Structure formats: structure tokens, C-alpha cells
Amino acid sequence: MMFKHNFKKVLSATAFAVALVVAPAANVSAATNDASSTQQSATATSQDQQASQDQAASQSSAANQSSATAVSASSSTSTSSATSTSTVKKTTKKAKKTTKKSKKKSKKKAVKKVAKKTTKKKATKKAAEAAAKKAAAAKKAAAKKAAAKKAAAKKAAAAKKAAAKAAAKKKAAAKKKAAAKKKAAAKKKAAAKKKAAKKSSEKAAKYWIAMRESGGYYTARNGSCYGRYQLLISYLGGDLSKKNQERTADRYVYGRYGSWVNAKRFWLAHNWY
């Protein structure tokens, strides 16, 4: 009766969880009682074979032993109940601690995850900004390069145009110079030709007059006139040489008529010059 009473008390105090712990202890107590009963039966069988005088003593001893076993079982049950209560408390405390620790860990993990996500987001944003900045710089550099290329092309075109203009100018100048040179050469040639013709005419006119005046002799004399061109002896200044006669005749004709041709023309009109 004591065992059952204690078992119910334990169930009401520790609920269903404690009952799971206490139940094995009750089974242990029952097993102990069964072992005690078996021992008593063996003892009784042995006592039947002994003397009748010892039977009373043995029965008394068996009763005392049974009482001791009952008390021991009751004590074991109380101890087991107390141990079970303590174990439940420890388990509950450990479960709460574990739950608290788990919550704290989960919270910490969640915070860490959020921080990691935020960091990743910031890094992604920063990378996107850097990429955009790099793209803008590349675009700017490309535009600058294109502008420089365009300017270089424009400059090259201008230089080419200037070179072509200079070449055309130089060519025109060379052509003009060549034309001028050609014209000058032609003029010079014409002048030379004219001069040669004049010289020839002069020579011919001079020869014609000499033949009419003296027959071409440097020693011919007609009164006060002497030589090839029948000049006054006073004009020759006492020098009757051929060279002096030629020089004096040219000086006289060019001084009086301007040329032998004109002198010839005058001679034809007056038969003298």
C-alpha cells in the first residue's frame, strides 16, 4: 500500500515525464519483492525438513525479514522518486539552456547572415558603380581618341591640301619661269638674229661703200682723200694703217649717219657720204 501511495504521489508531482522515469524504478521494486518471496519459499521448504522447535523461530525470522524488505522497498521508491524529480529538473533546465543557446545562436546567425547580405549588396553596388565609372572613363577616352583621330585626319587633310596647293603653285611658278626663260631665250635669239642681220647688213653696206669709194684698196688716193673709205687725211691724224682706217671710218659713219646702212642710203641719194 505504501509503494502504490508513493507512486501516485510521484505521478501527481512530476507529471507524465516523471512517470516515464519512475516506472522503471517501480519495476525494479517489484522485481525485488518477487526475489524476496522466492527466497522466503525456499527458506520455508528448508525449515519443514528441520525440527519443529526451529520452525517457530524460522517463521518469526522470516516475518522480520519480510518487514525489513518492505521498509527497504519503500525507501528505495522514495529515493528513486527524488532522483527522478532532480533529473527532470536538470533535464528541463538543460533543455531551457539549450533552447536559449539555440535561439541566441540562431539570432546571431541571422544577424550575421543579414550583415553578410548587406555587405554583399554594398560590394555589388560598389562594383556596379566602379564598373559604370570605368565604362564612362572608357567611353570618354574613346571619344577623346576619336576626336584626336578626327583632328589628326583633318590636320593631315589640310596639310595634304596645302602641299598640293604649294606643289601647284610651285609648278605654276616653274611653268611661268620656264615660259619666261623660253621667251627671254627667244627674245635673245631674235635680238641676236637681228643683231647678226644688222651686223651683216652693216657689213654689207660698209663693203658696198668701200667698193664704190676706192674699189676696196686701203692705199687709194683722190686729192685730199685717202684709203679704202676715201676719208680726209686730216681725219686719219697721220696714221694711214688699215686698223686706223677701219676705226676712223666707223667713228665717222656712226657719228654722222648712225649706221652704214643709213650711210649707204645717203650715198645712193647723193653719190657721196
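What figure, in Å² to the nearest 10, do you get for the accessible area of residue 233 with a 1.4 Å probe and non-protein molecules left out?
60
Compute, for residue 208, the solvent-accessible surface of its heavy atoms (probe 1.4 Å) with the complete set of protein chains present, and express it in square angstrom to the nearest 10.
50
Residues of region 213-273: accessible area per residue at 1.4 Å, in Å²? All intermediate terms of the calculation are to be shown ahead of the outcome.
Numbers: 3700 Å² over 61 residues.
Ligands and nucleic acids excluded, the result is 61 Å² per residue.
Full-extension gain between residue 198 and residue 241, please, as 0.36 nm times their residue separation minus the C-alpha to C-alpha distance.
So the chain would gain 12.8 nm between residue 198 and residue 241.
Using 0.36 nm per residue of separation minus the Cα-Cα distance, give me the extension gain between residue 259 and residue 233 in nm, one decimal. Could the numbers behind the result be given before it?
Values: separation 26, 0.36 × 26 = 9.36 nm, distance 2.18 nm.
Length gained between residue 259 and residue 233: 7.2 nm.
Calculate the translational D of region 193-250 in whole µm² s⁻¹ from Stokes-Einstein, where the hydrodynamic radius comes from the Kirkwood formula applied to all Cα pairs, the temperature is 20 °C and the viscosity 1.002 mPa s.
Answer, rounded: 182 µm²/s.
For region 116-233, which whole percent of the accessible surface, found with a 1.4 angstrom probe, sits on carbon and sulfur atoms?
Working: 6640 of 10250 Å².
Carbon and sulfur together cover 65 percent of it.
What order, most packed first, do the peptides 138-144, 218-224 have when packing is the mean number of other Cβ atoms within 10 Å of each residue?
In decreasing order of mean packing, 138-144, 218-224 become 218-224, 138-144.
The values are calculated or read from the model by the stated rules, or taken from the named source; none is laboratory data. Since this is a predicted model, take the numbers as computed values, not measurements. With ideal geometry, Cβ positions are generated from the backbone for all residues, glycine too; neighbour counts draw on all protein chains shown. Surface areas here come from the heavy atoms of the whole protein model, side chains and all, with no ligands, DNA or RNA. Shrake-Rupley method; radii C 1.70, N 1.55, O 1.52, S 1.80 Å.
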